Amino acid sequence: MGNGTVTGMLAEMLAAGINLNQGGGSQSGSLVESQVISWCKEMLGFPTGASGLLVSGGSMANLVGLTVARNSKAGFDIRTEGVGHAPRPMRLYASVETHSSIQKATELLGLGHQALRMIPTRKDLTIDTAALRTAILEDRKRGDHPFCVVGCRHSERRPWTEPSERLPRWRRTCGTSSKAWSVPIRWRSTCTSGCISSTRWDARSSVTRTCTGRHSPSPRTIWKRGIGGGDLWFSDYGIELSRGFRALKVWMAIQEYGIDKFGRMIQQNVRQARYLEHIVANNPDLECVSDVPLNIVCFRYRGGLTDPSALDALNKELLLRLHEGGLAAPSYTVIDGTYALRVCITNHRTTNHDLDILIRETVRLGKDWNWSDAAAP
């Protein structure tokens, strides 16, 4: 919240003034988006032949990414025949900590909620790989078709390092895969933008088999020259034909600040998360309810309460009072049945002093509240 920049404001104004329909073609927006995608591929260590797409955010990136996985791994022409003609039930796997957008995408793709197998986690919230292996083997034995495993980076503990190299810093932080990756551009102060990249998208090969787009007649088959000509048709890679010029904001931000500065900002946010974890751990009224692998801290106020339902009720009220008081905008999560305040630090304006105030006010609100109200049903 509130991590915008002057450059982002200017880019939004320019994009609104141009009012570009960024489906593709020989126009400036295609070149700008192509450059942004190339930068993202470079940062993530993807091969030059891979491609990608800017989307509205992580949820849309997950939907497009799962579409690529479904279409490329179906084993038949699913785009022509449809999911109902699948010779075997298709199955995908994710941990119970996975974002709800994965379930939404599964249902939107016609696979059905039962196609998504939720795998338990270990105590550190990493996926139980033994349980994952067992589930896959059981499904194969039953005649099902496993086609995708969804990773959940923010639930996994990964040693934090600070290498001096520019691009490996991004890859080591995000833990990227060599096959596909969705990038939350919100961490670059450009909310409402996300990037989905995949080695399955090859600019030299047909995209009809592996992605959502390219329905005949394609604009490219109609236009050979002019504005509608050229090979850069991002609408072939995703759902939307009418697309806003969201690439301009990312392009301008990277042009002004450079990748190194964004890398330092990410490191700063991760260090701030470790700082918040430290002050929570050293406050007798608070406790962390999960590890802090990157920039997310999940904690709750305990005070003198021991009843789980009372603790949940108290922390729900604390969250609302923090919002309504205008102090901070944390979210919430439920981990192993425990309600917790969820602080995701992506703002370049955040300071350790801000986190000190958050903790001070959380404790004050917790102590000032009538605990008998928390214990009430």
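The values are calculated or read from the model by the stated rules, or taken from the named source; none is laboratory data. These numbers were taken from a predicted model, which means no experiment stands behind them. Counting neighbours? That spans all protein chains shown, and the Cβs are built from the backbone with ideal geometry, glycine included. Accessible surface is based on the protein model in full, side chains and every heavy atom, while ligands, DNA and RNA are left aside. Shrake-Rupley method; radii C 1.70, N 1.55, O 1.52, S 1.80 Å.
Structure notes:
- Residues (in a helix (DSSP H, G or I) and either of a type outside the set (Asp, Glu) or touching a residue at least 40 places away in the same chain (Cβ under 8 Å) (or both)) located in segment 93-118: Ser100, Ser101, Ile102, Gln103, Lys104, Ala105, Thr106, Leu108, His113, Gln114, Ala115
- When Gly258, Gly244 are checked against the criterion of being more than 30 Å from Arg300 (Cβ to Cβ), without any contact (Cβ under 8 Å) to a residue 24 or more places away in the chain and under 25 Å from the mean Cα position of the chain (by Cα), a single residue qualifies: Gly258.
A quick yes/no check of all residues on (1) of a type in the set (S, T, N, Q); (2) crowded, with 21+ Cβ neighbours inside 10 Å:
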| residue | (1), (2) |
| --- | --- |
| Gly24 | no, yes |
| Gly29 | no, yes |
| Gln35 | yes, no |
| Met43 | no, yes |
| Lys73 | no, no |
| Thr80 | yes, no |
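- Failed item in (1) on the phi < 0 side of the Ramachandran plot; (2) open to solvent by 20 Å² or more (accessible area, probe 1.4 Å); (3) out of contact with any helix residue (DSSP H, G or I) (no Cβ under 8 Å at 6 or more places or on another chain), with Val68 passing the rest: (2)
- Candidate set: segment 1-15, residues that are open to solvent by 70 Å² or more (accessible area, probe 1.4 Å) and at pLDDT 85 or above; chosen: the one farthest from Arg246 (Cα to Cα): Val6
- Matching option when the condition is open to solvent by 40 Å² or more (accessible area, probe 1.4 Å), aliphatic (A, V, I, L, M) and closer than 18 Å to Val343 by Cβ, among Leu320, Leu294: Leu320
- Odd one out for Leu327, checked against (1) open to solvent by 50 Å² or more (accessible area, probe 1.4 Å); (2) assigned to a strand (DSSP E or B); (3) among the aliphatic types (A, V, I, L, M): (2)
- Qualifying residue in segment 53-60 (condition: in contact with a helix residue (DSSP H, G or I) (Cβ under 7 Å, 6 or more places away or on another chain) and modelled with pLDDT of 90 or more): no
- Condition check for Lys316 on (1) more than 30 Å from Thr121 (Cα to Cα); (2) out of contact with any helix residue (DSSP H, G or I) (no Cβ under 6 Å at 6 or more places or on another chain); (3) assigned to a helix (DSSP H, G or I); (4) of a type outside the set (Gly, Ala, Ser): one failure, at (1).
- Here the condition is being in contact with a His (Cβ under 9 Å, 6 or more places away or on another chain) and closer than 25 Å to Asp124 by Cβ; of Cys288, Cys344, Cys298, it holds for Cys344 alone.
- Qualifying residue in segment 69-92 (condition: β-branched (Val, Ile, Thr) and under 19 Å from Phe234 (Cα atoms)): no
- Pairs meeting the criteria (first residue in segment 326-354 and farther than 21 Å from Arg271 by Cβ, second residue among the small types (Gly, Ala, Ser), beta carbons under 6 Å, at least 6 apart or on different chains) are Thr333/Ala340; Ile335/Ser290.
- Entry remark, segment 220-240: residues being within 27 Å of Gly65 (Cβ to Cβ), of a type in the set (Gly, Ala, Ser) and in a loop (DSSP other than H, G, I, E, B) number 2 in total.
- Members of segment 333-373 found to be within 27 Å of the chain's Cα centre (by Cα) and of a type in the set (Lys, Arg), listed by number: Arg342, Arg349
- Hey, Arg243 assigned to a strand (DSSP E or B) and touching a helix residue (DSSP H, G or I) at 6+ places or on another chain (Cβ under 9 Å) or not: no
- Test: residue in segment 258-273 that is modelled with pLDDT of 90 or more, touching a helix residue (DSSP H, G or I) at 6+ places or on another chain (Cβ under 6 Å) and part of a helix (DSSP H, G or I): no
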